[in-house]
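Participant: Here you go, one structure.
The values are calculated or read from the model by the stated rules, or taken from the named source; none is laboratory data. Just so it is clear, the structure is predicted and the values come from calculations on it, not from any experiment. Positions of Cβ are backbone-derived with ideal geometry, glycine not excepted, and every protein chain shown enters the neighbour counts. Each accessible area value is taken on the protein alone, full model and side chains, heavy atoms only, with ligands, DNA and RNA left out. Shrake-Rupley method; radii C 1.70, N 1.55, O 1.52, S 1.80 Å.
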Amino acid sequence: MRDISGTTRICGLLGNPVEHTKSPLIHNTLAEKLGVDLCYGAFRVDEDRVEEAVKGAYALNFLGMNVTVPYKSRVIASLKEIDPLAAKIGAVNTLVRTSGGFKGYNTDMPGLYRAMCSDGVDIKGERIVVLGAGGVARAVVMMLLENGAKEIIICNRTQKKAMDIIEEAEKIFPDGSKALMAMPMDEFLMQESADKYIAIQATSVGMYPKVDEAVCDNDAFYEKVKVGYDLIFNPEETLFMKLVKKNGGKAYNGLKMLLYQGIIAFELMTGEKINDETADEILAKLKK
Ligand code: NAP
């Protein structure tokens, strides 16, 4: 147990609910390992008190905060400054103390990117199919465009939401718009392509306790997939991942994305650099 003293800097997660979070484990372990005098807690905040909570945390000299659902967009109004990537994505999950207020960043998407790099998955020049068109899928599409994907197809139950993401992405990345399409799963299955796809599963289907569900259970889809990334991390192996593997592809869950969003947030808040060995240690702890 580390000593908490008058010099200990406070950080924490703001969201609702927060009881399930792994962020304290990531940040407190990093602080202990690196000898940073920091303590990280979780703060459940009511919907109508988000602004008050951010101001209060700043007034109480918090070093930084993370923000989780449902406040990643709402918190933007309370910031002094926003990083350009977070502004593009329209969601902030990390607040870093600066003179006069917090600066907001999004580390979810760099976190996913760093997880993919660490798994040897390169996005540049690839054809990618994104399942889902919620808040995370939207950010994933922006990240894929930022990192040079050749083609992005969004398949979502509600087609309108996929179209909305495309419309928004076309404004932000006018040059990448040609590679962006929204289509129902049936249409995707009829697409002719010599190359296989990287599939990013960004729906909530298959999450614990409904572990025997997948947003698509048709082998014809998985035959077109060489790498499958499920952003869900509980269960460790989702049905989506099982189906990718059954059809000869490689499959990964969202645990590394969670880890790296935390690591990047810690780096931004403290100025420390986390090496691969430490990242692996925290990953092993998260898996337990
Ligand atoms: P969200 O905004 O609520 O979006 C949910 C998406 O799932 C929508 O596209 C929705 O389709 C689809 N969906 C839900 N139930 C469905 C069903 N029965 N059939 C077909 N589609 C269905 O959620 P989000 O914030 O984007 O988060 C999505 C997932 O990402 C979460 O469940 C979480 O596991 C994961 N995540 C992981 C990390 C990480 O660090 N690894 C971080 C954040 C989130 P409609 O548009 O048709 O409703």
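Participant: Given the criterion more than 15 Å from LEU268 (Cβ to Cβ), at pLDDT below 95 and of a type outside the set (Phe, Trp, Tyr), identify the matching residue among GLY56, GLY90.
Facilitator: Checking each option against the conditions leaves just GLY90.
Participant: Hey, another quick one. Is it the case that some residue within segment 117-125 is open to solvent by less than 10 Å² (accessible area, probe 1.4 Å), in contact (Cβ under 8 Å) with a residue 40 or more places away in the chain and within 16 Å of the ligand (Cβ to nearest atom)?
Facilitator: No - not one qualifying residue is present in segment 117-125.
Participant: Still on this model: Out of ASP195, ASP175, ASP219, ASP212, I need the residue that is acidic (Asp, Glu) and either under 24 Å from LEU286 (Cβ atoms) or touching a Cys at 6+ places or on another chain (Cβ under 8 Å) (or both). Which one?
Facilitator: ASP212
Participant: Would you confirm whether any residue within segment 169-177 is closer than 23 Å to GLU146 by Cβ, under 18 Å from the mean Cα position of the chain (by Cα), within 16 Å of the ligand (Cβ to nearest atom) and not polar (S, T, N, Q)?
Facilitator: Checked segment 169-177: at least one residue is closer than 23 Å to GLU146 by Cβ, under 18 Å from the mean Cα position of the chain (by Cα), within 16 Å of the ligand (Cβ to nearest atom) and not polar (S, T, N, Q).
Participant: Among (1) part of a strand (DSSP E or B); (2) over 21 Å from LEU259 (Cα atoms), there is one condition GLY125 misses while meeting the rest; what is its number?
Facilitator: For GLY125, the exception is condition (1).
Participant: Tell me, please, whether a residue that is under 19 Å from LEU79 (Cβ atoms) and polar (S, T, N, Q) can be found in segment 2-9.
Facilitator: So far as segment 2-9 goes, no, none of its residues is under 19 Å from LEU79 (Cβ atoms) and polar (S, T, N, Q).
Participant: What is the one condition in (1) more than 10 Å from the ligand (Cβ to nearest atom); (2) assigned to a loop (DSSP other than H, G, I, E, B); (3) touching a strand residue (DSSP E or B) at 6+ places or on another chain (Cβ under 7 Å) that PHE188 does not satisfy?
Facilitator: (2)
Participant: Can you find even one residue in segment 137-149 that is over 19 Å from PHE240 (Cα atoms), over 21 Å from the mean Cα position of the chain (by Cα) and not polar (S, T, N, Q)?
Facilitator: no
Participant: Can you name the residue in segment 34-50 that is assigned to a helix (DSSP H, G or I) and under 23 Å from HIS20 (Cα atoms) and, of all such residues, is least open to solvent (accessible area, probe 1.4 Å)?
Facilitator: VAL50
Participant: Check whether at least one residue in segment 141-163 is farther than 17 Å from GLY228 by Cβ, open to solvent by less than 40 Å² (accessible area, probe 1.4 Å) and free of Cβ contacts under 8 Å to residues at least 12 places away in the same chain, and report yes or no.
Facilitator: Looking through segment 141-163, none of the residues is farther than 17 Å from GLY228 by Cβ, open to solvent by less than 40 Å² (accessible area, probe 1.4 Å) and free of Cβ contacts under 8 Å to residues at least 12 places away in the same chain.
Participant: A follow-up question, please. Within segment 107-116, can you find the residues that are open to solvent by 10 Å² or more (accessible area, probe 1.4 Å) and either part of a loop (DSSP other than H, G, I, E, B) or among the acidic types (Asp, Glu) (or both)?
Facilitator: Matches in segment 107-116: ASP108 only.
Participant: Then there is this: Looking at LEU95, LEU38, which is the one that is under 20 Å from the mean Cα position of the chain (by Cα) and more than 16 Å from the ligand (Cβ to nearest atom)?
Facilitator: LEU95
Participant: Across segment 229-254, what is the number of residues that are open to solvent by 40 Å² or more (accessible area, probe 1.4 Å) and either over 20 Å from the mean Cα position of the chain (by Cα) or more than 10 Å from the ligand (Cβ to nearest atom) (or both)?
Facilitator: 9
Participant: Within segment 155-165, track down each residue that is assigned to a helix (DSSP H, G or I) and either out of contact with any strand residue (DSSP E or B) (no Cβ under 8 Å at 6 or more places or on another chain) or away from the ligand (no atom under 14 Å from the Cβ) (or both).
Facilitator: Result: LYS160, LYS161, ASP164.
Participant: So which of ALA31, ALA57 is surrounded by 19 or more Cβ atoms within 10 Å (Cβ to Cβ), more than 23 Å from the chain's Cα centre (by Cα), touching a residue at least 12 places away in the same chain (Cβ under 8 Å) and in a helix (DSSP H, G or I)?
Facilitator: ALA57
Participant: Taking the condition of being more than 15 Å from ALA133 (Cα to Cα), open to solvent by 20 Å² or more (accessible area, probe 1.4 Å) and either charged (D, E, K, R) or out of contact with any helix residue (DSSP H, G or I) (no Cβ under 7 Å at 6 or more places or on another chain) (or both), how many residues in segment 180-190 meet it?
Facilitator: 3
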